[in-house]
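Visitor: Please see the structure below; I have some questions.
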Amino acid sequence: MEVVVADHAGFCFGVTKAVETVYNQLEKKKLNIYTFGPIIHNEIVVGDLEKKGVKVVEDPLELGDVEEGTVIIRSHGVTKEIQEQLSGTGLEIIDATCPFVKRIHRIVEEESAKGSSVIVIGSADHPEVQGIVSYAGGPVYVIDSPEKAEEFDGDKETGYTVVCQTTFNTNKFQETIEILSKNGYNINVVNTICNATDERQSEAEEISSKADVMIVIGGAHSSNSRKLYDICKRRCGKTYFIQTLEDLHLDMPDSAKLVGITAGASTPKNIIEEVQKYVRTNF
Ligand code: F3S
């Protein structure tokens, strides 16, 4: 039986940078290290950081009484308002927002300053999308699916700059913009889907089409991992979604010839290694 691990499995560039930033601060033995929201969607990494003294805050108000400390902003960024509130605390702020997300903030800010309305394709309740939306100085809309694009009832006289949540599914994004264009909206599309996601998704698609069993490793609350699972499940009925090796209860068919493994953007390398080793040695 062959085991194939996706080349593009696990931490992307932005998450690696954010996590390393926190560990670097710990090494410098800084007092009171905070992350604004969990640094990644992985309970194990967040748990390890907590054990080392890193605290997670969800609201700048929680920092009201803190006189000295460092706050790290995670890779998918925060809203403009939160950024300002954090700066107002007087604490050291380290912005580990991924440069690809920062680019979207800039596009939205600049295009809306020029008078364009903005459409963000993504989930309105995702912190990355909330951050992006906050940079629009004028009308801004969030559309999360082709169905919602059909229902969209905006002004057809105005121009729209369309950007996308970095982890959105490429096919769904294409479908959504096609509908907007077919329905007569004047759109200027900037495809801001991150390559890391694209590559991870197409590789998962390719491996799961051939695999008899597919294992997707990712945080239960990580939207990019769930999307990866959906992609694989559509092509391979025996797709498992796990967070760590302990969750894996493999029911391996005797006929299985190929097992594929991939992982979401917030899965540490050592977990991927562990799962791979387990499958190779036990089946
Ligand atoms: Fe950045 Fe792409 Fe990762 S936007 S955080 S490198 S998924």
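Visitor: When the Kirkwood radius is taken over all Cα pairs of the chain, what Stokes-Einstein diffusion coefficient follows at 20 °C and 1.002 mPa s, in µm²/s?
Guide: 106
Visitor: Please identify every one of the trypsin sites (Lys or Arg not before Pro) in the range 6-98 that sits in a loop by DSSP and has no more than 12 other beta carbons within 10 Å of its own beta carbon.
Guide: Within the range 6-98, the qualifying trypsin sites (Lys or Arg not before Pro) (loop, at most 12 other Cβ atoms within 10 Å) are 28, 29, 52.
Visitor: Once Lys and Arg get +1 and Asp and Glu get -1 on their Cβ, which of 57, 96, 14 lies farthest toward the positive end of the dipole of the range 13-97?
Guide: With unit charges placed on the Cβ atoms, the residue in question is 14.
Visitor: Okay, moving on. So, with a 1.4 angstrom probe, what is the percent of accessible area on the chain that is carbon and sulfur?
Guide: Here it works out to 47 percent.
Visitor: Follow-up question, since we're still on this one. Can you flag which of 257/277; 55/238; 156/227; 172/238 are past 27 Å Cα-Cα?
Guide: Violating the 27 Å Cα-Cα cut-off are 55/238; 156/227.
Visitor: Can you give the charge dipole size of the chain about its Cα centre, rounded to the nearest 20 debye, using +1 on the beta carbon of Lys and Arg and -1 on the beta carbon of Asp and Glu?
Guide: The dipole of the chain has a size of about 700 debye.
Visitor: Next up: With 10 Å bins from zero, work out the P(r) of the range 100-193 over every alpha carbon pair and list the percent per bin.
Guide: So the P(r) values, bin by bin, are 18, 57, 25, 0.
Visitor: Using DSSP loop states and a limit of at most 10 other Cβ atoms within 10 Å to flag GluC sites (Glu not before Pro), what is the longest stretch of the chain containing no flagged site?
Guide: 158-283
Visitor: Probe of 1.4 angstrom, ligands and nucleic acids ignored: what's the accessible area per residue over the range 100-193, in square angstrom?
Guide: Solvent-accessible surface per residue comes out at 45 Å².
Visitor: Which is farthest toward the positive dipole end of the chain among 134, 239, 279, measuring Cα position about the Cα centre, with Cβ charges +1 (Lys, Arg) and -1 (Asp, Glu)?
Guide: The residue sitting farthest along the positive end of the dipole is 279.
Visitor: Also, I was wondering about something else. How much area per residue is accessible in the range 13-97 when the probe is 1.4 Å and only protein heavy atoms are counted (Å²)?
Guide: 51
Visitor: On to the next question. Only Lys, Arg, Asp and Glu count, each charged at its Cβ (+1, +1, -1, -1), so figure out the dipole size of the range 55-177 about its Cα centre, rounded to 20 debye.
Guide: 520
Visitor: Which stretch or stretches of the range 247-276 have amide N atoms under 13 Å from the point lying 7 Å from residue 2's Cα along the Cα→Cβ direction?
Guide: Flagged as within label range: 257-261.
The values are calculated or read from the model by the stated rules, or taken from the named source; none is laboratory data. Quick caveat, the model's predicted, so the values are computed rather than measured. Cβ: placed from backbone, ideal geometry, glycine included. Neighbour counts: every protein chain shown. Quick note on the areas: whole protein, heavy atoms, side chains included, nothing else; ligands and nucleic acids left out. Shrake-Rupley method; radii C 1.70, N 1.55, O 1.52, S 1.80 Å.
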